[in-house]
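K.L.:
Sharing a structure below in structure tokens format, with a few things to ask.
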Amino acid sequence: MTPKQIYNLEKTTGSKVVDRERLILDLFYTRATTSEAKLQIQLAEIKYELPRIRENARLLIGSERPGKGGSGEYIVDVKFRDLKRRMGFIINKLTEARRKRELYHDQRLDNRMPIVSLVGYTSSGKTTLFNLLTLERKETSENLFTTLSTTTRSFIIGGQKLLLTDTVGFIRRLPTYMIEAFKSTLEESLQADMILLLIDSSESEDEIRIKYYSCMNVLEELNVDKEKIVIILSKIDNAEFDDVKRIFTELNILDPILVSPKSGYGVNNLRKSISRKILLQVKKIQPQMSR
Ligand SMILES: Nc1nc2c(ncn2[C@@H]2O[C@H](COP(=O)(O)OP(=O)(O)O)[C@@H](O)[C@H]2O)c(=O)[nH]1
Ligand SMILES: [Mg+2]
């Protein structure tokens, strides 16, 4: 939506109006746990605002046309310079934050509970599965943005206490300037020992393929160890089993876990897989811990 459309809608409805991009930015912001993530999101916010300055200024001063030399042009200039300055400031801080993160990275392997992270597109069933595994009752819905705060809960599998993290998830048609901000919301959960990547298997073949590849690409870009990733075919109750099997053979996914977060189908099997995999991971962590 253009600023003008938002302005007009607000006037006619008497309600606050946010467009899709603004909403995604707000959502990311509520999920940001690290200062680096917050900075990335602020940067994306500036990129959202920059192309809207002129029109916003025009709306602000009402009928007065922001012609050359007019007060409108002045507002635009000041605002533009201000945003550019803030952008430079944020970029510097980000460089600094990245340097610090690399410096302290190794100290993260101290004595801690193994962490399992839920990743996947919005509406793939992450929160439903989260509730099921942790016996939590959080709101789930068709609404894409039900998950509003970072959620980590402990749960026990085979006597081992673990932490499970729910994430905001991938979003369809994400504007390119938001990609870095999106990745930064994931970054912390990707430090997990095991990543459950949920794919909604009830969607069309094309959708499944596209989403699978885009998830895997992002995880690769964020240097996630492939061995940590477990592919979960979610909502299997709503899928044609033979079709799904064929697609995943074609995608060369060796042993996906079939789950229906809603009905609970396949969840015991999933628990067993988590338990097996985490035991291996914990063994890998232990020697480093005693160094
Ligand atoms: N048919 C079906 N629907 C499901 C299943 N699991 C979740 N859903 C529905 O899918 C929607 C999105 O689920 P949610 O857990 O909020 O997805 P998230 O965005 O990945 O956290 C909700 O309406 C759920 O009730 C399932 O196993 N089968
Ligand atoms: Mg959710």
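K.L.:
From the residues in segment 160-184 that are out of contact with any Phe, Trp or Tyr (no Cβ under 8 Å at 6 or more places or on another chain), among the β-branched types (V, I, T) and under 27 Å from M113 (Cα atoms), which one is farthest from ligand 2 (Cβ to nearest atom)?
P.N.:
T165
K.L.:
Going by the conditions given, is I208 modelled with pLDDT of 90 or more, assigned to a helix (DSSP H, G or I), within 19 Å of T128 (Cβ to Cβ) and among the aliphatic types (A, V, I, L, M)? Give the steps one after another, and end with the answer.
P.N.:
On the way: modelled with pLDDT of 90 or more: yes; assigned to a helix (DSSP H, G or I): yes; within 19 Å of T128 (Cβ to Cβ): yes; among the aliphatic types (A, V, I, L, M): yes.
It is true that I208 is modelled with pLDDT of 90 or more, assigned to a helix (DSSP H, G or I), within 19 Å of T128 (Cβ to Cβ) and among the aliphatic types (A, V, I, L, M).
K.L.:
Scan segment 245-252 and give yes if some residue there is within 16 Å of ligand 1 (Cβ to nearest atom) and not charged (D, E, K, R), otherwise no.
P.N.:
Residues of segment 245-252 within 16 Å of ligand 1 (Cβ to nearest atom): none.
No; the residues of segment 245-252 include none that is within 16 Å of ligand 1 (Cβ to nearest atom) and not charged (D, E, K, R).
K.L.:
Taking S184 as meeting all but one of (1) at pLDDT 90 or above; (2) crowded, with 20+ Cβ neighbours inside 10 Å, write down the number of the exception.
P.N.:
Single failed check for S184: (1).
K.L.:
Now a separate question. Kindly establish whether L197 is within 13 Å of the chain's Cα centre (by Cα), assigned to a helix (DSSP H, G or I) and not acidic (D, E).
P.N.:
Details: within 13 Å of the chain's Cα centre (by Cα): yes; assigned to a helix (DSSP H, G or I): no; not acidic (D, E): yes.
No; evaluated as a whole, the condition is false for this residue.
K.L.:
Would segment 221-237 turn up any residue that is within 16 Å of ligand 2 (Cβ to nearest atom) and either without any contact (Cβ under 8 Å) to a residue 12 or more places away in the chain or outside any strand (DSSP E or B) (or both)? Lay out the reasoning, then the answer.
P.N.:
Here is the first cut: in segment 221-237, the ones within 16 Å of ligand 2 (Cβ to nearest atom) are 232, 234-235.
Narrowing the set further to residues that are either without any contact (Cβ under 8 Å) to a residue 12 or more places away in the chain or outside any strand (DSSP E or B) (or both) leaves 235.
Yes - at least one qualifying residue is present in segment 221-237.
K.L.:
Restricting attention to segment 187-208, and to residues there that are away from ligand 2 (no atom under 16 Å from the Cβ) and among the charged types (D, E, K, R), which single residue is surrounded by the fewest Cβ atoms within 10 Å (Cβ to Cβ)? Spell out how you get there, then give the answer.
P.N.:
Step one: filter segment 187-208 for residues away from ligand 2 (no atom under 16 Å from the Cβ), giving 187-188, 190-194, 201-208.
Then keep just the ones that are among the charged types (D, E, K, R); that gives 187-188, 193, 203, 205-207.
Values: E187: 17, E188: 20, D193: 22, E203: 19, E205: 13, D206: 9, E207: 14.
Only one residue fits best here, namely D206.
K.L.:
Could you check M216 against (1) over 21 Å from E36 (Cβ atoms); (2) touching a residue at least 60 places away in the same chain (Cβ under 8 Å); (3) under 14 Å from the mean Cα position of the chain (by Cα) and say which number it fails?
P.N.:
Unmet condition: (2).
The values are calculated or read from the model by the stated rules, or taken from the named source; none is laboratory data. Keep in mind that this is a model prediction, so the values were computed, not measured. Cβ: placed from backbone, ideal geometry, glycine included. Neighbour counts: every protein chain shown.
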